[in-house]
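Participant: Pasting a structure here, questions to come.
Derivation of every value follows stated rules applied to the coordinates shown; laboratory data play no part. Since the structure is predicted, the reported quantities are computational estimates derived from the model, not experimental observations. Reconstructed Cβ throughout: ideal geometry from the backbone, glycine too, with neighbour counts over all protein chains shown.
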Amino acid sequence: MARPRPPLWLGSPSRFATLKAPRAKSGLILLALFLTFCLSALFVAGPPPVSRDPANRAEDQADVMLYESIVAGVRGGGDYYAVTASALRAGDYPLRPFVTFRLPTLAIVQAYLPPPITLLLLYGLAAAVVLAWYVRLRRAIERPPPQAIALVLLIGGMVAFLQPSLTAFHEIWAGLLIALSLALRRPGRWITPVAIGLIAMLIRETAALYVIVMLGMAMIDGERREALGWAAALGVLAIVVAAHAYAVGQVVGPADPASPGWAGMLGFGFFVKTMSISTALNLAPEWASALLVGLALFGWASWRDPLAVRTLAVFGAYALLLSLFGRPDTFYWGLLVAPTILVGLAFAPDGVRDLTVAALDSRRITVTRSVR
């Protein structure tokens, strides 16, 4: 086993610091292939470009305006399901199956809160995410300059979450809640993360994939009580979704349009593209942002910590979801995991250095036996 080099940014050697040369060379080849694979994002269809012209908001943010109209209807005294059905019909949206209706949690809460309070809650949640991840990252990255870079990268993954115009968008809230739940989870301290994960699911049911991953990881780690907590949260969601499906059935008829389905089969490149357009990487050229997403994932793999393993598992689960079932118009599913993706770039320098040095290591130790 090779002797680990002093870390560059991390407080302890990366996962690749003790690899022998043959395995490190294989790792470099796999990294190059993985980064090349990430460039498949250049050939995947994405959502139509946004004009960013306020006059074109009806086209740029049609879904957001739909949810805003639902909140306004509920605030005016309307029943959530009747209001939503009318809004979907008016916008030529599908009404079947029942999952085309969002769970009523966010709309009802926002209907009873003044818009400025809703915005303050969003910013407060974003601040809690930054603080929680700062506490976790300062243990992994000891020196202040790299810590500051890691926080900038975290905020770069949250740029879409700080837009006042998106407060009615469910994935914005659920994505921040998932990021907060991940940061707060520690061995033996799982009640708060489970509760936050449950809230995320009640806002956007696709957050259940995060809870399923955390349940699986808890079982692998032998954390039985934690596993039971995540399972209980999924049980609550199942009851809520069953009641939701029944309520939707009362306002939808057989003549209402159905969804075309979600078997997009766009591949891993679509996940990379969603990460690019959902973060500050949207400002970079497409090829550069695709490579940076790949390096960020590699960085998460470099950090030798149980939190990194769980975070990677969550990314992998949503990458599979988007690869198989995502469509160009459902790119926003990626917002559920976008806040933390770029933090991996803070771990990447140590991983790349250690992998490269180990691959080029040609030192040999000769043992000489002398007999007196």
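Participant: When the dipole is taken about the Cα centre of segment 83-225, and only Lys, Arg (+1) and Asp, Glu (-1) are charged at their Cβ, what size is it in debye, to the nearest 20?
Facilitator: 360 debye
Participant: Report, in deg cm²/dmol and to the nearest 500, the calculated mean residue ellipticity at 222 nm for the chain, where each DSSP H run with n ≥ 4 adds -39500 (n - 2.57) and the sum is divided by the residue count. List each step's numbers first, then the result.
Facilitator: Working: 16 runs with 228 residues, N = 372.
Result for the chain: -20000 deg cm²/dmol, rounded to the nearest 500.
Participant: Can you tell me, using C-alpha contacts under 8 Å and at least 6 residues apart, the relative contact order of the chain as a whole percent?
Facilitator: Computed over the chain, the figure is 30 percent.
Participant: Given H placed 1.01 Å from N in the peptide plane, which residues other than close sequence neighbours of Ile141 have an amide H under 5 Å from its amide H?
Facilitator: Gly11
Participant: Hey, with R₀ at 35 Å, roughly what FRET efficiency would Arg5 and Gln163 work out to, going by the Cβ-Cβ distance, to 0.05?
Facilitator: Numbers: r = 42 Å, r/R0 = 1.20.
Using R0 = 35 Å, I get an efficiency of 0.25.
Participant: Still on this structure, please answer the following. Angle check, please: helix 115-140 long axis (alpha carbons) against the longest principal axis of the chain (alpha carbons), in degrees 0 to 90, nearest 10.
Facilitator: That helix lies at roughly 10 degrees to the long axis.
Participant: For the chain, find the longest principal axis of its Cα atoms and tell me its angle to the long axis of helix 224-249, 0 to 90°, nearest 10.
Facilitator: The two axes meet at around 30 degrees.
Participant: Please work out, to two decimal places, the log10 of the ratio I(q)/I(0) at q = 0.07, 0.12 Å⁻¹ from a Debye calculation in which every Cα of the chain carries one identical scatterer.
Facilitator: Those come out to -0.35, -0.95, one per q.
Participant: Turning to a different aspect of this structure: P(r) tail for segment 209-252, what percent of Cα pairs lie past 14 Å? Don't skip to the end; give the middle numbers.
Facilitator: On the way: 527 of 946 pairs.
Counting every Cα pair in segment 209-252, those more than 14 Å apart make up 56 percent.
Participant: Give me the extension gain from Phe34 to Val236: residue separation times 0.36 nm, minus the current Cα-Cα distance, reported in nm with one decimal. Show your work: numbers first, answer last.
Facilitator: On the way: separation 202, 0.36 × 202 = 72.72 nm, distance 3.85 nm.
Difference between extended and current length: 68.9 nm.
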